[in-house]
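A short write-up of the structure that comes next.
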Amino acid sequence: MSIETNLIANTNSATATTVYTSSGESAVTTIFFCNTDSSAIDVTCWIVPNGDTLGDEHMIMKELTINATDTFAFGSERILMGASDTIQAIADTVDKVSVVISYTSI
């Protein structure tokens, strides 16, 4: 098992923050989105296959409101990713949502 951590640094889908890039085939086991701010923040997230452009067809979460100092977790399903597939995200406040991803190579 490995861990990847990032802050969501962008508010615009044209420049979404890549929070994880699969270096080979991998299984993402858990994704945590932690709002470190004192205000609620909306987060949008996509899983984008290698070679595709970010778009609505890749969205897994749209404008999910995470309350101040709260955490949202994905963990009930495993996400199988191919080489160079990415997880990208935006938030309506920059550098206040940390993303922690647990994954394993397969």
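Tell me whether region 3-11 contains one or more residues that are within 13 Å of A91 (Cβ to Cβ), small (G, A, S) and loosely packed, with under 12 Cβ neighbours inside 10 Å. Show your work before the answer.
Here is the first cut: in region 3-11, the ones within 13 Å of A91 (Cβ to Cβ) are 6-11.
With the extra rule that they be small (G, A, S), the set shrinks to 9.
Retained after the next criterion (residues that are loosely packed, with under 12 Cβ neighbours inside 10 Å): none.
Within region 3-11, not a single residue is within 13 Å of A91 (Cβ to Cβ), small (G, A, S) and loosely packed, with under 12 Cβ neighbours inside 10 Å.
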Let me confirm something: among V43, V19, V48, which residue is of a type in the set (A, V, I, L, M) and either touching a His at 6+ places or on another chain (Cβ under 6 Å) or at pLDDT below 95 (or both)? V48
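Please work out if V48 is within 14 Å of D92 (Cα to Cα) and surrounded by 14 or more Cβ atoms within 10 Å (Cβ to Cβ). Working first, answer last.
On the way: within 14 Å of D92 (Cα to Cα): no; surrounded by 14 or more Cβ atoms within 10 Å (Cβ to Cβ): yes.
It is false that V48 is within 14 Å of D92 (Cα to Cα) and surrounded by 14 or more Cβ atoms within 10 Å (Cβ to Cβ).
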With respect to T18, is the statement that it is surrounded by 12 or more Cβ atoms within 10 Å (Cβ to Cβ) and among the hydroxyl-bearing types (S, T, Y) true? yes
Of all residues in region 63-106, count the ones that are of a type in the set (V, I, T) and in contact with an Asp or Glu (Cβ under 7 Å, 6 or more places away or on another chain). 4
Considering only region 73-85, I want to know if a residue exists there that is under 11 Å from the mean Cα position of the chain (by Cα), surrounded by 16 or more Cβ atoms within 10 Å (Cβ to Cβ), hydrophobic (A, V, I, L, M, F, W, C) and at pLDDT 95 or above. no
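If I ask for residues that are of a type in the set (A, V, I, L, M) and closer than 19 Å to S102 by Cα, which ones from region 52-73 would you list? Walk me through it before giving the result.
Within region 52-73, the first condition is being of a type in the set (A, V, I, L, M), and the residues that meet it are 54, 59-61, 64, 66, 68, 73.
Result: I60, M61, A73.
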Given I79, I47, I60, I106, which one is farther than 16 Å from A9 by Cα and free of Cβ contacts under 8 Å to residues at least 24 places away in the same chain? I60
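The values are calculated or read from the model by the stated rules, or taken from the named source; none is laboratory data. Worth saying up front: this structure is predicted, and the values here are computed from it rather than measured. Glycine also receives a Cβ, built like all others from the backbone with ideal geometry; neighbour counts cover every protein chain displayed.
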